[in-house]
1. Scan (1) in a helix (DSSP H, G or I); (2) closer than 17 Å to Cys113 by Cβ; (3) more than 21 Å from the chain's Cα centre (by Cα) for the single condition Ser290 breaks and write down its number.
2. Are there any pairs, at least 6 apart or on different chains, whose C-beta atoms fall under 6 Å, with the first in the range 72-92 and within 17 Å of Ala273 (Cα to Cα) and surrounded by fewer than 14 Cβ atoms within 10 Å (Cβ to Cβ) and the second of a type in the set (D, E, K, R) and at pLDDT 90 or above, and if so, which?
3. Considering only residues of the range 45-71 that are closer than 22 Å to Trp270 by Cβ and small (Gly, Ala, Ser), which is surrounded by the most Cβ atoms within 10 Å (Cβ to Cβ)?
4. Please enumerate the residues belonging to the range 1-44 that are outside any helix (DSSP H, G or I) and open to solvent by 90 Å² or more (accessible area, probe 1.4 Å).
5. For the range 261-287, name all the residues that are in a strand (DSSP E or B), open to solvent by 60 Å² or more (accessible area, probe 1.4 Å) and within 15 Å of Cys110 (Cα to Cα).
6. Go through the residues of the range 217-240 one by one and say whether even a single one is surrounded by fewer than 16 Cβ atoms within 10 Å (Cβ to Cβ), modelled with pLDDT of 70 or more and under 28 Å from Gln68 (Cβ atoms).
7. Residues of the range 238-287 being over 13 Å from the mean Cα position of the chain (by Cα) and among the small types (Gly, Ala, Ser), which ones?
Amino acid sequence: MLPETTTDSMYGVSRSPTIIAAYLMKSERLSYAAALKSISDIKPSIRPNAGFMRQLQLWQTMKCCIVQTNKSFRSYRLGKMAKEMKETGQVKDLCASHDSSHDHDVMYKCRKCRKLLFTDEDVLPHEVGIGSLSFAHQHSQKADLDQKKDDSLPSVVEQQECNVAELDSCSMEDVSNLVHTIEDLSVGGDSPPDTSTTEATDRAVAFNIPFTTSATAQQTFQSPMATGSHSSCTSLFIDVVEWLSPVIVGQVDGKILCPKCSARLGSFNWPGARCSCGQWVTPSFQIHKSRVDQCFPPPKTF
């Protein structure tokens, strides 16, 4: 840095060190970590905040040059738009991506009318989520509702139970109804069966009638959660393309329709939405893969 140049901010801890680091990265060809270390050797109190650190990482990814077509930069720009939308309720400078009419390796067309919608350059990547574990709260809420249902209906089992000594006088139809009732109450429950349910199932065994215990139901219910396996993404998240701009202006969320045939393609949500892989994407301009066709240009002839 030039000797006569002074960089100053209110505390000199976050903003000014970030600016100096960005300059050193470009002029001295340093990584962001090396640039920050060289500054901290002189002033150990520097602490760039998380937002500035992400910008330095992006600056390094773009090789210390603003590249408007860089997907990481476009994702960052969309994030800034989402923040502006949250704070003010509108986006003043809504930048649409480049024209999709140029030649590209992959093009995406409406499955119904074959309208060209966007290209592979408009598809923005996102970090892979942790699969079904990201939806654990939904399963937990369902289990809580089922538990409340079990707690609120003990009298149903008690009314339909038969005394062990009176089994001989019960018809097979009565026992079948009893077993079906126990099955309905046990499916989805995540708590140990109560005493009345255990006695009832024991009576069903005496008649060799198949039944489902709450333990089996619990194991079946938890098996998708326990695996934690990655589920492939069923949607594409895109940048704001030209035909999409008028649709999202002044709207927080809504449907994305084909501009030609009005077929449903997906949805948008400025606060964000969760991908099928479990990752939360903000903002979300989500296109379902089942609604578009992936097309490749014909091979070039020489």
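1. (3)
2. none
3. Gly51
4. The answer is Met1, Leu2, Pro3, Glu4, Thr6, Asp8, Met10, Tyr11, Glu28, Arg29, Pro44.
5. Arg264
6. No, because not a single residue in the range 217-240 is surrounded by fewer than 16 Cβ atoms within 10 Å (Cβ to Cβ), modelled with pLDDT of 70 or more and under 28 Å from Gln68 (Cβ atoms).
7. The answer is Ser245, Gly250, Gly254, Ser262, Ala263, Gly266, Ser267.
The values are calculated or read from the model by the stated rules, or taken from the named source; none is laboratory data. It should be emphasised that the depicted structure is a prediction, and the values quoted were computed from it without experimental measurement. Note that we place each Cβ from the backbone using ideal geometry, even for glycine, and neighbour counts take in every protein chain shown. Just the protein is used for accessible areas: all its heavy atoms, side chains included, with ligands, DNA and RNA removed. Shrake-Rupley method; radii C 1.70, N 1.55, O 1.52, S 1.80 Å.
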